[in-house]
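The values are calculated or read from the model by the stated rules, or taken from the named source; none is laboratory data. Owing to the predicted nature of the structure, the values given are computational and were not obtained by experimental measurement. Glycine also receives a Cβ, built like all others from the backbone with ideal geometry; neighbour counts cover every protein chain displayed.
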Amino acid sequence: MPQDPLSPLSSAEIPAAVNAAFVHQPVWDMHTHLYPPTFGTPVTNATGQMDPNGHMLWGVDELVTYHYLVAEVYRVQPASSFPYEQFWQLTRAQQADHIWKYLFVERTPISEACRGILTTLQKLGLDPNEKTLAPYRKFFSQQKPDAYIDRVMQIANVKTITMTNPVFDDNERQRWLGAPDIGNDPRFRAVLRIDPLLRDYPAAAGKISTWDYPAAAKPDAESMRQIRRFLGDWLDRQKAIYVAVSLPPEFRYPALPGDALGLAGQAVLEQAVLPVCAERKLPFAMMIGSRLRVQPGLRDAGDMVGQADIASVVNLCRDFPKNKFLVSMLPRENQHELAVAARKFSNLMIFGCWWFLNNPSLVDEITRMRVELLGTSFVPQHSDARILDQLVYKWDHSRRWIADVFAEKYQDLAATGRHVTQENIQRDARLLLHDNFAEYVTR
Ligand code: FIX
Ligand code: ZN
């Protein structure tokens, strides 16, 4: 490898240079469900401070009972022999033991969600071959949450963790109201998540009306003023860096009666949410294509994917040129059209290989498609981590997959005679894993 970062790399030197650049580039993880210790933790640990309703999830029992694994264990221990409610009545540790037995001991943990846990254990210096969770539990019980966050972020090379902060969740909202500084941990940034406001506006209007923001079920001008005030107050309280919503496959814009938003939800989007975001130069993030609770017995593990509509994204980007949109779509089949849409609108930043797409075969396919259509002007990945320790495997795996695509693309570039240097590659890794998002939320 040439010592001079500005000297051209040979084709053979490119893969190692790309891998080094992507491994060493600190990430701004722009969508997670993680929290700092100020939100409490239900996990037994060395500080002894436990909050059964705490939001900071970490450690092996939370890792193994991640909803991806709950869905997978019911593939091998069907509800006919182990009813869902029987599983949910178990303690977290008992649930984890159940999953470890059936997915990691009696079967080969070869799925991405299973393998990810083993990567995390390995990188924490633990033996991934244990037959029970006891040795792991001992390790985690010795950790102190605050210091452990630093350790995980250092191993995963994550510089900033972006939270998801659902304002209509009573537990979450009361925590913010009870502790104004709760979100001041410099490692974390907040996001105002507003799903009910758009997806079930009449019920949301009833709730915010009890929070001193009187809003009518059929939103009139005064209701819209109150909703804008509600959004502004919470954006200020959270110091949120964007506003987010998850939308079902049926989401359409313009809405039709009975659509996902309905005419009231659409009016709130047009007259409250997007104007507030535009005034504050905050992106509006739409995560589109999840059909919730197709299997209610699985709870969080019971969500599904469904074909969504890119034309609705195009209509919003075109009709609201002063707004910045962040969009991730769940169906594999939507990815090409979404990437083409991003070629048409500079106020559309597409991001991540979300949820059921976060697997090697699909990250490869989607990243390849995006580089070919968008160059380096996209955000290739977010972790969507719900359990802190997942950052270790989600970023280890994603960096490798993304680097493999870019190594091939740089070799194709070099074949034209264009010089490819370490400096080029490091600059691009910085854009893709950090600066594209950082600049989009602040520009
Ligand atoms: O709506 C979302 O933010 C989704 O990412 C989650 O609801 C989902 O359960 C998840 O964590 C997928 O990875
Ligand atoms: Zn998420």
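When the residues of region 196-241 are narrowed to those that are away from ligand 2 (no atom under 16 Å from the Cβ) and β-branched (Val, Ile, Thr), which ends up surrounded by the most Cβ atoms within 10 Å (Cβ to Cβ)?
ILE227
Looking at region 10-28, is at least one residue surrounded by 19 or more Cβ atoms within 10 Å (Cβ to Cβ), part of a loop (DSSP other than H, G, I, E, B) and more than 16 Å from ligand 1 (Cβ to nearest atom)?
In the first step, residues of region 10-28 are kept if they are surrounded by 19 or more Cβ atoms within 10 Å (Cβ to Cβ); the result is 14, 17-18, 21-22, 25, 27-28.
With the extra rule that they be part of a loop (DSSP other than H, G, I, E, B), the set shrinks to 25.
Now restrict to residues that are more than 16 Å from ligand 1 (Cβ to nearest atom): 25.
Yes; the residues of region 10-28 include at least one that is surrounded by 19 or more Cβ atoms within 10 Å (Cβ to Cβ), part of a loop (DSSP other than H, G, I, E, B) and more than 16 Å from ligand 1 (Cβ to nearest atom).
Need the failing condition index for LEU177 against (1) within 16 Å of ligand 2 (Cβ to nearest atom); (2) assigned to a helix (DSSP H, G or I), just the number.
The number of the failed condition is (1).
Going by the structure shown, is PRO248 farther than 22 Å from ASN347 by Cβ, within 16 Å of ligand 2 (Cβ to nearest atom) and not β-branched (Val, Ile, Thr)?
On the way: farther than 22 Å from ASN347 by Cβ: yes; within 16 Å of ligand 2 (Cβ to nearest atom): yes; not β-branched (Val, Ile, Thr): yes.
Spelling it out, PRO248 is indeed farther than 22 Å from ASN347 by Cβ, within 16 Å of ligand 2 (Cβ to nearest atom) and not β-branched (Val, Ile, Thr).
Tell me which residues, restricted to region 252-303, are crowded, with 18+ Cβ neighbours inside 10 Å and within 16 Å of ligand 2 (Cβ to nearest atom).
PRO283, PHE284, ALA285, MET286, MET287, ILE288, GLY289, SER290, ALA301, GLY302, ASP303
Just to be sure, is ARG193 more than 27 Å from ALA264 (Cβ to Cβ), surrounded by 19 or more Cβ atoms within 10 Å (Cβ to Cβ) and either modelled with pLDDT of 95 or more or more than 16 Å from ligand 2 (Cβ to nearest atom) (or both)? Full working, then the answer.
Values: more than 27 Å from ALA264 (Cβ to Cβ): no; surrounded by 19 or more Cβ atoms within 10 Å (Cβ to Cβ): yes; either modelled with pLDDT of 95 or more or more than 16 Å from ligand 2 (Cβ to nearest atom) (or both): yes.
Answer is no for this residue.
How about region 242-278: which of its residues are touching a Pro at 6+ places or on another chain (Cβ under 8 Å) and under 25 Å from TRP28 (Cβ atoms)?
Within region 242-278, TYR242, VAL243, CYS277 meet the criteria.
State whether one or more residues within region 362-379 are touching a residue at least 60 places away in the same chain (Cβ under 8 Å), surrounded by 19 or more Cβ atoms within 10 Å (Cβ to Cβ) and either of a type in the set (Val, Ile, Thr) or farther than 24 Å from ALA311 by Cα (or both). First the steps, then the outcome.
First pass over region 362-379, keeping only residues touching a residue at least 60 places away in the same chain (Cβ under 8 Å): 376, 379.
Of the ones still in play, those that are also surrounded by 19 or more Cβ atoms within 10 Å (Cβ to Cβ) are 379.
Next cut, either of a type in the set (Val, Ile, Thr) or farther than 24 Å from ALA311 by Cα (or both) only: 379.
Yes, region 362-379 has at least one match.
Checking GLY306 against (1) more than 30 Å from GLU62 (Cβ to Cβ); (2) surrounded by fewer than 18 Cβ atoms within 10 Å (Cβ to Cβ): exactly one of these is not met. Which one?
GLY306 satisfies every listed condition except (1).
Among the residues of region 119-176, how many are free of Cβ contacts under 8 Å to residues at least 24 places away in the same chain and touching an Asp or Glu at 6+ places or on another chain (Cβ under 9 Å)?
The total comes to 1.
For a quick check of your reading of the model, give me the residue pairs whose first member lies in region 403-414 and is under 10 Å from VAL18 (Cα atoms), whose second is surrounded by 19 or more Cβ atoms within 10 Å (Cβ to Cβ), with beta-carbon atoms closer than 6 Å and at least 6 apart or on different chains.
What qualifies is ALA403/VAL18; ALA403/PHE22; VAL405/THR367; PHE406/VAL18; ALA407/ILE14; ALA407/VAL18; TYR410/ILE14; TYR410/VAL420.
Name the pairs: first residue in region 46-61 and more than 23 Å from ILE117 (Cα to Cα), second residue surrounded by fewer than 23 Cβ atoms within 10 Å (Cβ to Cβ), Cβ to Cβ under 6 Å, at least 6 apart or on different chains?
What qualifies is THR47/LYS144; ASP51/GLY40; PRO52/PRO42; ASN53/ASN171.
Conditions (1) β-branched (Val, Ile, Thr); (2) under 26 Å from LEU192 (Cα atoms); (3) not assigned by TED's automatic domain parsing to the domain that holds LEU69, marked per residue:
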{"site": "PRO360", "(1), (2), (3)": "no, no, yes"}
{"site": "VAL363", "(1), (2), (3)": "yes, no, yes"}
{"site": "LEU374", "(1), (2), (3)": "no, no, yes"}
{"site": "PRO380", "(1), (2), (3)": "no, yes, yes"}
{"site": "TYR393", "(1), (2), (3)": "no, no, yes"}
{"site": "ARG399", "(1), (2), (3)": "no, no, yes"}
{"site": "ASN436", "(1), (2), (3)": "no, yes, yes"}
